[in-house]
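Everything on this sheet refers to the single structure shown next.
The values are calculated or read from the model by the stated rules, or taken from the named source; none is laboratory data. The shown structure was predicted, so the numbers you read here are calculated from the model rather than taken from an experiment. Positions of Cβ are backbone-derived with ideal geometry, glycine not excepted, and every protein chain shown enters the neighbour counts.
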Amino acid sequence: MTDRRDFIKQTGLLSAAGIISINQLAMAEKAEKTAYTPTHSKWADGSRLVVSATMLFEAGGQPDNAPSPFPPNMKPGYKDLPAATWYEYGYKEGIPRMLDNWDKLGIKVTSHIVGSAVLKNPALAKEIVDRGHEASGHGMTWKDEYDMTYDDEKKFIKEGLDTIKKVTGQTAVGYNANFLRRSENTLKILQELGCIYHIDDLSRDEPFIIKVNEKDFAVVPYTIRNNDLGMIDLWNFSPDQFITQVKMDFDQLYEESATRRRQLSVTFHDRVSGTPQMVKAATELIRYMQKHPGVAFKRKDEIAKMTLQDPTSIRE
């Protein structure tokens, strides 16, 4: 196996004349990882890299026999009782544990909340907002929107947003469609209802601006590669694998953020990341990120507002 020194020799980075030494290369790499000057930031507030953490509040709003870790082999007409308890864990243990952990770590997150879950656990929804986190729309129930009529979709979205406002007192200004499957009318409806951003876009690693109804509208991108539901529940990653993958994403984006505006998105679902092992994993990840100069944890409404006010934001 070729080691790093041999590779450098073979590729010409280390010549016989000693153009660059191993020590010089190591010092350059260290400087790249640690150097940070706010005046060179691509973010308006001086941050080097912005981390956007999401906490999904869906448990309690799911339909009967919703997908779960159990095999989908229930006979028609019967309720999957163990699956129901898996979802109950999300609001009985998961979100309370994550809320305590966010406080311990000193960060604020965005919580995309299903309206029917709010109605089932109003005190918990209110607590999320009272602790300083953002309540964002996530529909009234677990239902795709791509095939809804304009009027049906507007009623569906508005009901969810109104429920959040009524229970928590906070006006939701952002939105996440179920499985990101919005319709061609979704953004028009969101703009009409007073929202300023959505996240159902995987196309960039930084926020950008689009025109909706001839007005500016922010896109705060999502990522499925750092989504706990995919990695832990569907792909059977271990918490250690989750940590490794997100750290690798962070390290690369942090390096790029020396010259480009970069955002890292990480998603935590109530019944998945509210488990003891995943809270420990999140703690390790966030503390690792917090050791890097210039890293800022922001709610998505904060990111959207900063993007809309910044004349250097990408426009599409």
Seminar exercise, completed: Conditions (1) in a loop (DSSP other than H, G, I, E, B); (2) under 30 Å from ALA59 (Cα atoms) -> PRO293 fails only (2)
For this session: Please list, ordered by first then second residue, the pairs with beta carbon atoms under 6 Å, 6 or more apart or interchain, first in segment 118-135 and free of Cβ contacts under 8 Å to residues at least 40 places away in the same chain and surrounded by 17 or more Cβ atoms within 10 Å (Cβ to Cβ), second among the polar types (S, T, N, Q) and assigned to a helix (DSSP H, G or I).
Result: ALA135/THR168
Problem set entry | Residue pairs meeting the criteria (Cβ under 6 Å; at least 6 apart or on separate chains; first among the hydroxyl-bearing types (Ser, Thr, Tyr), in segment 182-199; second in a strand (DSSP E or B)) | TYR197/ALA218
For this session: Report the residue count in segment 172-215 for those that are within 29 Å of PHE250 (Cα to Cα) and of a type outside the set (A, V, I, L, M, F, W, C).
Result: 15
For this session: Please go through segment 190-219 and pick out each residue that is part of a strand (DSSP E or B) and either surrounded by 14 or more Cβ atoms within 10 Å (Cβ to Cβ) or of a type in the set (A, V, I, L, M, F, W, C) (or both).
Result: TYR197, HIS198, PHE208, ILE209, ILE210, VAL212, ASP216, PHE217, ALA218, VAL219
Seminar exercise, completed: With criteria (1) free of Cβ contacts under 8 Å to residues at least 12 places away in the same chain; (2) in a loop (DSSP other than H, G, I, E, B), GLN252 comes up short on (2)
Exercise. How about segment 140-155: which of its residues are assigned to a loop (DSSP other than H, G, I, E, B) and either without any contact (Cβ under 8 Å) to a residue 24 or more places away in the chain or under 17 Å from the mean Cα position of the chain (by Cα) (or both)?
Worked result: THR149
Exercise. Is one or more of the residues making up segment 93-113 within 18 Å of the chain's Cα centre (by Cα), buried (at least 19 other Cβ atoms within 10 Å of the Cβ) and in a loop (DSSP other than H, G, I, E, B)?
Worked result: yes
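Yes/no matrix, rows are residues, columns are (1) buried (at least 16 other Cβ atoms within 10 Å of the Cβ); (2) not in a helix (DSSP H, G or I):
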| position | (1), (2) |
| --- | --- |
| PRO221 | yes, yes |
| PHE237 | yes, yes |
| GLN241 | no, no |
| THR244 | no, no |
| THR267 | yes, yes |
| MET278 | yes, no |
For this session: Being small (Gly, Ala, Ser) and at negative phi is the filter here, so list the residues in segment 123-163 that pass it.
Result: ALA123, ALA125, ALA135, SER136, GLY137, GLY160
Exercise. In this structure, is GLY60 modelled with pLDDT of 75 or more, in a loop (DSSP other than H, G, I, E, B) and surrounded by 15 or more Cβ atoms within 10 Å (Cβ to Cβ)?
Worked result: yes
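Return the only residue of GLU134, GLU206, GLU192 being acidic (Asp, Glu) and under 15 Å from SER111 (Cα atoms).
When all the criteria are applied, what remains is GLU134.
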For this session: Starting from segment 87-109, keep only residues that are free of Cβ contacts under 8 Å to residues at least 60 places away in the same chain, then list their pairs with residues that are among the charged types (D, E, K, R) and assigned to a loop (DSSP other than H, G, I, E, B) whose Cβ atoms are within a distance under 8 Å, requiring at least 6 positions of separation or different chains.
Result: LEU99/ARG131; TRP102/LYS108; TRP102/ARG131; ASP103/ARG131
Problem set entry | Condition check for GLU184: over 23 Å from VAL266 (Cα atoms), charged (D, E, K, R), in a loop (DSSP other than H, G, I, E, B) and modelled with pLDDT of 95 or more | yes
Exercise. Any chance segment 160-181 includes a residue that's among the charged types (D, E, K, R), more than 14 Å from the chain's Cα centre (by Cα), in a helix (DSSP H, G or I) and over 22 Å from GLY60 (Cα atoms)?
Worked result: no
